[in-house]
Amino acid sequence: MPHVSIKHWPRTFTDTEKDDLVTSLTTTVTRVFGCEPGSVSIAVEPVDSSLWLERVHGPEIQARGHLLWKEPHYAQPIPNDPPGGTR
């Protein structure tokens, strides 16, 4: 406890980027939750953009909106979004 789960469109990360993300998240999580770094776990999962609505936006953002501390404000239409709209 706690566990951080990040889903994103696929891309390649350098070892430095991975280290930076882990260090930054771990520092913030341990400060806010008052826990030791060894109790923090972080998962990073790529999700193809064509599956984003089905696997992430619908079930995790729309259906569980009450759990979001920050909502997305997409700068471009989500793949498979109706023409002219962003969610």
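The values are calculated or read from the model by the stated rules, or taken from the named source; none is laboratory data. This structure is a prediction, so every number in the text was calculated from the model and none was measured. Quick note on the areas: whole protein, heavy atoms, side chains included, nothing else; ligands and nucleic acids left out. Shrake-Rupley method; radii C 1.70, N 1.55, O 1.52, S 1.80 Å.
Sequence-distant contacts, meaning Cα pairs under 8 Å at least 6 residues apart, place the relative contact order of the chain at 32 percent. List every residue whose amide H lies under 5 Å from the amide H of H8, counting only residues 5 or more places away in sequence or on a different chain, with H placed 1.01 Å from N in the peptide plane. Those lying under 5 Å, H to H, from H8 are E45, V47.
Entry comment: accessible area of the chain is 75 Å² per residue, from protein heavy atoms only and a probe of 1.4 Å. On the chain, 56 percent of the accessible area sits on carbon and sulfur atoms, based on a 1.4 Å probe. Convex hull volume per residue, computed on the Cα atoms of the chain, equals 115 Å³. Compared with the direct C-alpha span, the chain from V4 to K18 gains 3.6 nm at full extension, assuming 0.36 nm per residue. Derived scalar couplings between HN and Hα for region 63-78 equal 6, 10, x, 5, 9, 6, 9, 9, 8, x, 10, 4, 7, 9, x, 6 Hz in order, rounded to whole Hz, by the Karplus curve 6.51 cos²θ - 1.76 cosθ + 1.60 (θ = phi - 60°), x for Gly and Pro.
Residue separation times 0.36 nm, minus the C-alpha to C-alpha distance between E71 and E54: what's the value?
4.4 nm
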